[in-house]
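Participant: Handing you a structure now.
The values are calculated or read from the model by the stated rules, or taken from the named source; none is laboratory data. Bear in mind that the values here come from a model prediction, so they are computed numbers and not experimental data. Here the Cβ positions follow ideal geometry from the backbone for every residue, glycine too, while neighbour counts run over all protein chains shown.
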Amino acid sequence: MDEVTLSRVYDDPLAHWFATEAYRISDTAELIAATGEQIVAAGLPLYRLAYFQRTWHPEFAGKGYFWRRGRGVEWGSTPHGFQEGAEYRDNPLPAVYEQRKIFRFRLEGEEPQAPVLRQLKAEGATDYVALPLFFSTGHVDALSLVSDRPGGFTGSDLDRLYLLHFAFTRIVEAHSLRDTATNLLDAYVGRAAGERILAGEVRRGEGQTLDAVIWYCDLRGFTRTSDVLSRDSVICLLNDYFGAMGAAVTAAGGEILKFMGDAMLAMLPVAGSADRAAVGRIETVGRAVQAASVAAQSIAVLNASRRAAGDQPLRFGLALHLGEVMFGNIGASQRLDFTVIGPAVNYAARLEKVAALTGRPVMLSQAVADLLPAATVEPLGRHTLKDIDQPQMVFGLKDLPA
């Protein structure tokens, strides 16, 4: 941006607001709402403001934020593959994203073909403008501005809005980069670990000691299954299995730590202050056991579908153990893993192997069973665990689905 344009941008009171106030707003929906209100307060005939954010996330391709005058802001996510569908192609945005052009349509004139423009015209809109937002990385998001004033935007309105969009772009770029980093860390290391990494906990050996229920599960007979199935079938099987297990853990407030072949390691940290530690352990154990039951039910539903399709049912083993762990950075100097270590983790991994011996899918340690109602657990005797000196008492859960 040249010096003359820069001067014109930041001489505008709206640009001053972007520079001194808007950057303080960390929530994107709040930013869009505040931006719409500020534009209207400045006398510009804005009816709707929409910001289209493309991002990297395993479950969706982007988000859309829609502000309407007098109605506040709404937002939603865009599924992967949306760009290949008719709803996207019959839309002004491809011209903005792919051709990187400003698109304008005067809704008071000819009847628009795009469904979104027909809808806006039915709402009383008179003018539609969409423009690309160029980030410093080369990434492009999009912004649309809609007026409902007779005659739409004037030339001076559009000139002012175009100049202001530079200041807006710099702010939403920061939001987009933050959201992308958060999304990727959530997906690859977990929410709790991602938050701590973004907060600066990045040195090898840094971490905290905490009490947690350790969740360790894997599939029975996976090696043989993977030898006879195609690669795509194996991936589909693992995704279905991990989807059932992971959904149960996260719904219970747990954290998925890592996937290792057909195994999954997760934890449910004990919440609460030190003076309520005993209560916190009981509550956390209860959530973990309920999550194990939900996971078993999900696998039973999945197996019903697999049997109907002529496929072998999934068999799994799952161990729950309560103990103290270190949650933090472990690894080589330039390649770290944010995970848990400690005897409790090793114990859970050893305990899970007993599931194959007992024929029961869920194994509970003595530490977990002691905090549950006696009527819900079943003693399964003492078993030898690898690298554990003495045979350990093992328990199963009653009333699990077959």
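Participant: All but one of (1) acidic (D, E); (2) touching a residue at least 24 places away in the same chain (Cβ under 8 Å); (3) surrounded by fewer than 19 Cβ atoms within 10 Å (Cβ to Cβ) hold for E352, so report the exception by its number.
Facilitator: Failed condition: (3).
Participant: What number of residues within the range 201-219 satisfy the criterion of being of a type outside the set (A, V, I, L, M, F, W, C), surrounded by 12 or more Cβ atoms within 10 Å (Cβ to Cβ) and modelled with pLDDT of 90 or more?
Facilitator: So the count comes out to 3.
Participant: Grab the helices (runs of 4 or more DSSP H) fully contained in the range 153-237, keeping just those with 3 or more residues being over 21 Å from the mean Cα position of the chain (by Cα) and in the same structural domain as V140 (by TED's automatic domain parsing).
Facilitator: Hits in the range 153-237: 155-189.
Participant: Quick check on my filter: what residues within the range 121-142 are in contact with an Asp or Glu (Cβ under 6 Å, 6 or more places away or on another chain) and either assigned to a loop (DSSP other than H, G, I, E, B) or more than 19 Å from K63 (Cβ to Cβ) (or both)?
Facilitator: If the condition is that a residue be in contact with an Asp or Glu (Cβ under 6 Å, 6 or more places away or on another chain) and either assigned to a loop (DSSP other than H, G, I, E, B) or more than 19 Å from K63 (Cβ to Cβ) (or both), then G124, A125, T126, F135 are the ones that fit.
Participant: Mind listing whichever residues of the range 355-378 are loosely packed, with under 13 Cβ neighbours inside 10 Å and farther than 18 Å from F316 by Cβ?
Facilitator: If the condition is that a residue be loosely packed, with under 13 Cβ neighbours inside 10 Å and farther than 18 Å from F316 by Cβ, then P373, A374, A375 are the ones that fit.
Participant: Suppose the filter is touching a strand residue (DSSP E or B) at 6+ places or on another chain (Cβ under 9 Å) and either exposed (fewer than 14 other Cβ atoms within 10 Å of the Cβ) or at pLDDT below 90 (or both); does G342 pass it?
Facilitator: Against the criterion (touching a strand residue (DSSP E or B) at 6+ places or on another chain (Cβ under 9 Å) and either exposed (fewer than 14 other Cβ atoms within 10 Å of the Cβ) or at pLDDT below 90 (or both)), G342 does not qualify.
Participant: Contact list please: Cβ distance under 9 Å, first residue in the range 77-88 and closer than 19 Å to H57 by Cα and at pLDDT 80 or above, second residue among the charged types (D, E, K, R) and loosely packed, with under 12 Cβ neighbours inside 10 Å, pairs at least six apart or on different chains.
Facilitator: S77/E59; P79/E59; H80/E59
Participant: Moving on to the next point. When the residues of the range 302-339 are narrowed to those that are charged (D, E, K, R) and farther than 22 Å from T223 by Cα, which ends up farthest from the chain's Cα centre (by Cα)?
Facilitator: E324
Participant: Could I ask something else about it? Of the numbered conditions (1) in contact with a strand residue (DSSP E or B) (Cβ under 7 Å, 6 or more places away or on another chain); (2) within 30 Å of G359 (Cα to Cα); (3) not acidic (D, E), L238 satisfies every one except a single condition; which is it?
Facilitator: (1)
Participant: Exactly one condition in (1) over 15 Å from D148 (Cβ atoms); (2) surrounded by 18 or more Cβ atoms within 10 Å (Cβ to Cβ); (3) free of Cβ contacts under 8 Å to residues at least 40 places away in the same chain is not met by V129; state its number.
Facilitator: Of the numbered conditions (1) over 15 Å from D148 (Cβ atoms); (2) surrounded by 18 or more Cβ atoms within 10 Å (Cβ to Cβ); (3) free of Cβ contacts under 8 Å to residues at least 40 places away in the same chain, the odd one out for V129 is (1).
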